[in-house]
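Enquirer: For reference, the structure I am asking about is given below.
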Protein chains: 2
Amino acid sequence: MVSRPENAQPERRLTPRGASTRARIVSAAVELMYVKGVNATTLDDVRAASNTSKSQLYNHFADKEELVRAVVAERSAQVLERERANLERLKSFRGLIRWRDALVRRNALQNGAYGCALGSLAGELADQDEQARVTLAESFAQWQGLLAAGLRRMKENGVLRPDADPERLATGLMAALQGGYLLAETAHDIEPMAVALDLALDHVKSFLTT
Amino acid sequence: MVSRPENAQPERRLTPRGASTRARIVSAAVELMYVKGVNATTLDDVRAASNTSKSQLYNHFADKEELVRAVVAERSAQVLERERANLERLKSFRGLIRWRDALVRRNALQNGAYGCALGSLAGELADQDEQARVTLAESFAQWQGLLAAGLRRMKENGVLRPDADPERLATGLMAALQGGYLLAETAHDIEPMAVALDLALDHVKSFLTT
DNA sequence: AGCATGATGGACGAAATAGTCCAAAGACTT
DNA sequence: AAGTCTTTGGACTATTTCGTCCATCATGCT
């Protein structure tokens, strides 16, 4: 029997106009769900912010859940792209500091409000949408993988001692980052985030050669 | 003019029965909002779980927001009481390890699901209810204060070197804890939480005398 | 005992939100 | 240029959720 591969989309032609509308919807939803939270964002909010109509929402997404999943995918792609740019050439301790500085500076712009774009989605969706949870877990893993790869390069180049464990250190950095985001968001003050990252970096520093 | 002090409650007599009903409502709401999230918990969920009726909910709380605030207060009190018991006599590195173990073990019971009782509230409410945010920020500060006090005792007793900064270390431990909770919740695996805390403890260890 | 006040059950109303539908307009194919 | 499929606007329905109300019952006080 000649059939489409298992995972094929329900197959629907998309004109450029349709694609752009879809992108506009997702983009608006990404932003709204970041600042208001997923559950507090209504489809009408999205409709208004994206300048579309109800039929367009339901033309592109079966229901709100599907839109939320598109938001998770889009946000994951955004964050990973940004982090890839920041981390793919990481190979020195100074590079790690630059990474930290960029994150802190970016978060300072809004005084810590809204937290991490991925972390806030994770906190809200992990126990509510299993599919979203898995996607987010994968995104975190990739993000952490970028860090681990950088640390591995530092180890191979002799910047870090042989007993440094890049995977564990990357986990520690991610946790410090996410915890820092949350504390900063709650305090409306980026200081705890800055401190958390500094301590995590200090710990990495303790594995430096020299 | 003879009046009540500024911050007096709207003053309402509470029979023991009424008090018990109120407590039952808050208790049910605390649990539901932890596992389902605040926004995903409806008043009807609370009503059913607490075996009460609509009129009782609105007899004790003006609206959902007020109930949420009671939940935040109750949860804060619970967590702080527990942590006070675990931390008020902290004065050795082994004590810190016991603290870590207790948290990891507790979180392992649910495979990391639902995250930190306070952290998950913070993530959902910080940018949605300013009053709740402030309460949560204070609770985090107190929690962190318990850690800092313990570290200070360790320093005074010569367990930690003079150059150890208890406040900063406490911030680092809290961030590692919260970040660990979030990663564990997302991965449905407590490993990252365990690792994050271990690395943070390693960092504290680097300030040990001997 | 009897009155005042708090507590309760549950029907009811109001508002917000998700989701449906169809006629009309636009875009692609032959 | 006709025909087919996609896109769109927006009215409409259904459902969920919040919040009100009041008659009735329980409780404490004198």
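Any read-out appearing in this document is the output of simple, stated calculations on the displayed coordinates, not a laboratory observation. These figures come from a predicted structure and were not determined experimentally. All Cβ positions, even for glycine, are placed from backbone atoms using ideal geometry, and neighbour counts span all protein chains on display.
Enquirer: Convert each backbone phi in segment B:159-167 into a coupling constant with the Karplus relation 6.51 cos²θ - 1.76 cosθ + 1.60 (shift: θ = phi - 60°), then list the ³J(HN,Hα) values in order as whole Hz, x for Gly and Pro.
Expert: So the Karplus estimates, Gly and Pro as x, are 6, 9, 5, x, 7, 6, 10, x, 5 Hz.
Enquirer: Got the relative contact order for chain B handy, in percent, Cα pairs under 8 Å and 6 or more residues apart? Kindly include the intermediate steps, with their values, before the conclusion.
Expert: Details: 196 pairs, mean separation 41.9, N = 210.
Dividing the mean separation by the residue count of chain B yields 20 percent.
Enquirer: For peptide B:163-174, compute the average count of partner chain beta-carbon atoms within 10 Å of each residue's beta-carbon. The partial results should precede the final answer.
Expert: On the way: counts 0, 0, 2, 0, 1, 6, 2, 1, 12, 12, 3, 7.
Partner Cβ neighbours, averaged per residue: 4.
Enquirer: Additional query: Summing -39500 (n - 2.57) over the DSSP H runs of n ≥ 4 in chain B and dividing by its residue number, what mean residue ellipticity at 222 nm do you reach, to the nearest 500 deg cm²/dmol?
Expert: On the way: 9 runs with 148 residues, N = 210.
Result for chain B: -23500 deg cm²/dmol, rounded to the nearest 500.
Enquirer: Which residue, A:P162, A:P16, A:P192, has the most motion in a Gaussian network model of chain A that connects Cα atoms within less than 10 Å?
Expert: A:P16
Enquirer: What percentages, rounded to whole numbers, describe P(r) for segment B:15-61 computed over all alpha carbon pairs with 10 Å bin width beginning at zero?
Expert: In order of increasing distance, the bins hold 30, 56, 13, 1 percent.
Enquirer: Same structure, new question: Where the label is 7 Å out from Cα toward Cβ, how close does B:D44 come to the same position in every other copy, in nm, shortest first?
Expert: 1.9
Enquirer: Something else: Please work out the C-alpha center-to-center distance from segment A:79-101 to segment A:110-173 and express it in whole Å.
Expert: Comparing the Cα centres of segment A:79-101 and segment A:110-173, I get a distance of 12 Å.
Enquirer: Tally Lys and Arg at +1 and Asp and Glu at -1 over the other residues with C-beta under 10 Å from the C-beta of B:T209: what net charge comes out? It would help to have the intermediate numbers written out before the result.
Expert: Values: positive: B:K155, B:R161; negative: none.
Net charge in that neighbourhood comes out at +2.
Enquirer: Over the Cα atoms of segment A:108-183, each weighted equally, I'd like the Debye log10 I(q)/I(0) at q = 0.19, 0.21, 0.22 Å⁻¹, rounded to two decimals.
Expert: Each listed q maps to, in turn, -0.84, -0.93, -0.97.
Enquirer: Net charge near A:A126: determine it from the other residues with C-beta under 11 Å of the C-beta of A:A126, scoring Lys and Arg +1 and Asp and Glu -1.
Expert: Working: positive: A:R133; negative: A:E124, A:D127, A:D129, A:E130, B:E185.
Spelling it out: positives minus negatives among the neighbours equals -4.
Enquirer: Using a 10 Å cut-off on Cβ atoms, rank the peptides A:29-40, A:165-176 from the highest mean neighbour count down.
Expert: Numbers: A:29-40: 20.0, A:165-176: 23.7.
Ranked from most to least packed, the peptides come out as A:165-176, A:29-40.
Enquirer: What is the Cα convex hull volume of segment B:75-205 when expressed per residue in Å³?
Expert: Numbers: hull volume 12.1 nm³, N = 131.
Enclosed volume per residue, from the Cα hull, is 93 Å³.
Enquirer: Only counting other Cβ atoms within 10 Å, I'd like A:K91, B:K54 sorted with the fewest neighbours first. Provide the component values of the computation, followed by the final result.
Expert: Numbers: A:K91 17, B:K54 10.
Lowest to highest Cβ neighbour count: B:K54, A:K91.
Enquirer: Picking from A:A62, A:A149, A:A102, which is most flexible by a Gaussian network model of chain A using Cα springs under 10 Å?
Expert: Answer for the Gaussian network model of chain A: A:A62.
Enquirer: May I pose another question? Just need the Rg to Rh number for the protein assembly as shown, please, alpha carbons only, Kirkwood Rh. Don't skip to the end; give the middle numbers.
Expert: Numbers: Rg = 23.5 Å, Rh = 23.2 Å.
Using only Cα positions, Rg/Rh for the protein assembly as shown is 1.01.
Enquirer: Give, as a single signed number, the net charge of other residues whose beta carbon lies under 15 Å from the beta carbon of A:N111, with Lys and Arg counted +1 and Asp and Glu -1. Working shown, then result.
Expert: Working: positive: A:R105, A:R106, B:R133; negative: A:E185, A:D189, A:E191, B:D127, B:E130.
That works out to -2.
Enquirer: Once the label point is placed 7 Å from Cα along Cβ, list for B:R24 the distances to the corresponding points in the other copies, in nm, shortest first.
Expert: Relative to the other copies, B:R24 has label-point distances of 5.3 nm.
Enquirer: While we're here: Looking at this model, which pairs from B:K36/B:K205; A:K205/B:K155; A:K36/B:K64; A:K205/B:K91 are more than 29 angstrom apart at the alpha-carbon? Provide the component values of the computation, followed by the final result.
Expert: Working: B:K36/B:K205 38 Å; A:K205/B:K155 23 Å; A:K36/B:K64 18 Å; A:K205/B:K91 27 Å.
In this structure, B:K36/B:K205 exceed 29 Å between Cα atoms.
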